[in-house]
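Here's the structure, in structure tokens; my notes come after.
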Amino acid sequence: MNKYIRLLRVNHYIKNLLILLPAFLVKKITEPKILVINLMGMIIFSFTASIIYIINDIRDAEADRNHPIKCKRPIASNQILARNAYFTMIVLSIICMAMGMASGSFVKLISIPVIYFLINLLYSFGMKNYALVDVFILMMCYLLRLIYGGILTGSGVSTWMFLTMMSGALFLSLGKRYGELKEYERITRKSLLVYTEEFLNQAMTISCSLTIVFYALTCADTNSVVKASGVDLLWSVPGGVFLAFRYLLLLRSGDNDGDPIYIILGDKLFTILCIGFFIVLGFMLYHK
């Protein structure tokens, strides 16, 4: 069972919490219908991501066997045969389609995951080899999660929140390339032959700064639903700044390959701070 959990990259499902963010911020996460459709969306999106991971692992199995970390993946290490991986993809696809049809909101639940799937296919079959194109595709994958949550909730995504997520996702994506370049030098990706540490450092600094500014403007927006309800989120800005700086510190000084999941979950203090930040944010939003 453990090898299939690693095949599906279940630990990466934490990224799909972004789908809940619009409902959380517009104070609808406690409404049963909204919560149920968002959770269904999370499951469908998670399984779609797992299908992409399996396709990548099958396609890159030979190259992964020469990688210091990826050689331990289930397919590369021959723990799972390719035919079993294909069968797993079919099962996940059937579950996603069945959930979409059973919900009565098939188009709403399936459309964004299909777009995500197609974009990732382009990434897997060549686009990942082009510098900057690879980073912007990774950024789009985060944005699609946020947009998907806005569609499922019916609230959409505010302009400032869109810009916050865009710059934040760009920061995470650039950080991943920076970590790979620092940890493995240029042996893992063709795009790393173009990137330099100086460029990635500058680009990360810019995107991190933009994320902080856009988040502050999100909280200060007087036209937002949250502001209209009498909640002042400006008090959360110092916490957001601290988290951004802590992440940047871990990225530049830690022993990691830039993967956001391993940075967030690999540092206990950062994990606790993230949980605490959202608990405080939830108290500010939902406490009357």
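The values are calculated or read from the model by the stated rules, or taken from the named source; none is laboratory data. The structure presented is a predicted model; accordingly, all values stated were derived computationally and were not measured. In this analysis, Cβ positions are derived from the backbone assuming ideal geometry, glycine residues included, and neighbour counts consider all displayed protein chains. These area figures cover heavy atoms from the full protein model, side chains too; ligands, DNA and RNA do not enter into them. Shrake-Rupley method; radii C 1.70, N 1.55, O 1.52, S 1.80 Å.
Once you list every other residue whose beta carbon is under 14 Å from the beta carbon of THR153, what net charge do they have if Lys and Arg are +1 and Asp and Glu are -1?
Overall, the nearby charge balance is +4.
Over the chain, what is the mean sequence separation of C-alpha contacts under 8 Å (at least six apart), divided by residue count, expressed as relative contact order in percent?
19
Check the straight Cα-Cα distances from LYS72 and name the aspartates and glutamates below 18 Å, setting aside those fewer than 8 residues away within the same chain.
Result set, ordered by chain and number: ASP57, ASP60, GLU62, ASP64, GLU180, GLU183, ASP257, ASP259.
With every protein chain present, what is the per residue accessible area of the chain (1.4 Å probe, Å²)?
50
Evaluate the charge dipole of the chain about its Cα centre and quote only its size in Debye, nearest 20, assuming +1 on the Cβ of each Lys and Arg and -1 on the Cβ of each Asp and Glu.
The dipole of the chain has a size of about 560 debye.
Tally up the carbon and sulfur contribution to the accessible surface of the chain as a whole percent, 1.4 Å probe, everything protein left in place.
70
Could you tell me the ratio Rg/Rh of region 62-114? Both radii from Cα atoms, Rh via Kirkwood.
Dividing the radius of gyration by the Kirkwood radius yields 1.21.
Once a ≥ b ≥ c are taken as the square roots of the eigenvalues of the Cα gyration tensor of region 30-163, is the result rounded (a/c under 1.5), prolate (a/b larger than b/c) or oblate (a/b not larger than b/c)?
Because a/c hits 1.5 or more and a/b fails to exceed b/c, region 30-163 counts as oblate.
Using a simple spin-label model with points 7 Å from Cα along the Cα→Cβ vector, what separation in nm is obtained for GLU31 and SER111?
Going from the GLU31 label point to the SER111 one covers 1.8 nm.
Would you work out the relative contact order for region 43-170, in percent, from Cα pairs under 8 angstrom that are 6 or more residues apart?
Relative contact order comes out at 22 percent.
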